[in-house]
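Report on the following structure.
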Amino acid sequence: YNLSPLRLVFGKSEKKPSATLVNLGDVLRTMLDVHAHEIFECGTFNGDPHPGNILLMPDGRLGLIDYGQTVRIDECARRAYAKLVLALLHEDKEEVARLVWSSPPDGFGGKTKKRDVDTAYKLATFWNDRDTPDITEGLNLQEFIDEMERRDPMIDTPRQMVMISRVSVLLRGMGNAFDM
């Protein structure tokens, strides 16, 4: 039943299903490609790519709106992030921690109280790669973050890494929402 208040003025409207099927995998792949290009090639990216800022146009193209949280990162941060992605791919805990803690231009300049490699690795993996039980230890989001903070409190969070990680989590969340 159509519950729109506009039905009182215009009467019931019949929704017609789109004749075009949308391949959500292709849509997500395009989103990932666009944001990877923005981060790695341009150094300027939308730090808020949630579903409300993504439009599927009638012709199948994507419309990206609301660049109010545009972030600029320099070439050193892009290079450090590329190295971080590769270190995560190879599950190289020591290199991940080194990149998180090293000062620019070699890393992001994060600081923690104990410099615990395992905690740095789990947090970087969580924010930039996956939230599987081997990383989260079966804890929910808040419990996981609290536990990592208990193990090795953050003193200085690397700002540029935070916004890139936010994009990763938001895009990954869209994939998870569609079981991809």
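Across the range 146-179, what is the number of residues that are more than 15 Å from the chain's Cα centre (by Cα) and either aromatic (F, W, Y) or within 30 Å of G25 (Cβ to Cβ) (or both)?
At the first step, the residues of the range 146-179 found to be more than 15 Å from the chain's Cα centre (by Cα) are 146-158, 178-179.
From what is left, the residues that are either aromatic (F, W, Y) or within 30 Å of G25 (Cβ to Cβ) (or both) are 178-179.
Total meeting the criteria: 2.
Here are the criteria: (1) in contact (Cβ under 8 Å) with a residue 24 or more places away in the chain; (2) open to solvent by less than 20 Å² (accessible area, probe 1.4 Å). Tell me which single one F40 does not satisfy.
(2)
Yes or no: the range 159-174 includes at least one residue that is outside any helix (DSSP H, G or I) and not acidic (D, E).
Narrowing the range 159-174 to residues outside any helix (DSSP H, G or I): none.
The answer is no, given that none of the residues of the range 159-174 is outside any helix (DSSP H, G or I) and not acidic (D, E).
Regarding V85, is this residue surrounded by 12 or more Cβ atoms within 10 Å (Cβ to Cβ), assigned to a strand (DSSP E or B) and in contact (Cβ under 8 Å) with a residue 40 or more places away in the chain? Don't jump to the end; show me each part of the working.
Details: surrounded by 12 or more Cβ atoms within 10 Å (Cβ to Cβ): yes; assigned to a strand (DSSP E or B): no; in contact (Cβ under 8 Å) with a residue 40 or more places away in the chain: yes.
Against the criterion (surrounded by 12 or more Cβ atoms within 10 Å (Cβ to Cβ), assigned to a strand (DSSP E or B) and in contact (Cβ under 8 Å) with a residue 40 or more places away in the chain), V85 does not qualify.
Taking into account only those residues within the range 127-161 that are β-branched (V, I, T) and open to solvent by 60 Å² or more (accessible area, probe 1.4 Å), which is modelled with the highest pLDDT?
Filtering first and then ranking leaves I155.
Any residue that is closer than 30 Å to I54 by Cα and open to solvent by 70 Å² or more (accessible area, probe 1.4 Å) - is there at least one of those in the range 108-124? First the steps, then the outcome.
Pass one, the range 108-124, residues closer than 30 Å to I54 by Cα: 108, 122-124.
Pick out the ones that are also open to solvent by 70 Å² or more (accessible area, probe 1.4 Å) and you get none.
No, the conditions are met nowhere in the range 108-124.
The values are calculated or read from the model by the stated rules, or taken from the named source; none is laboratory data. Treat the numbers as computed from the prediction; the structure is a model and nothing was measured. Please note: Cβ atoms are built from the backbone with ideal geometry, for glycine as well, and neighbour counts cover all protein chains shown. When the accessible area is computed, the model is the full protein with side chains, heavy atoms only, and any ligands, DNA or RNA have been set aside. Shrake-Rupley method; radii C 1.70, N 1.55, O 1.52, S 1.80 Å.
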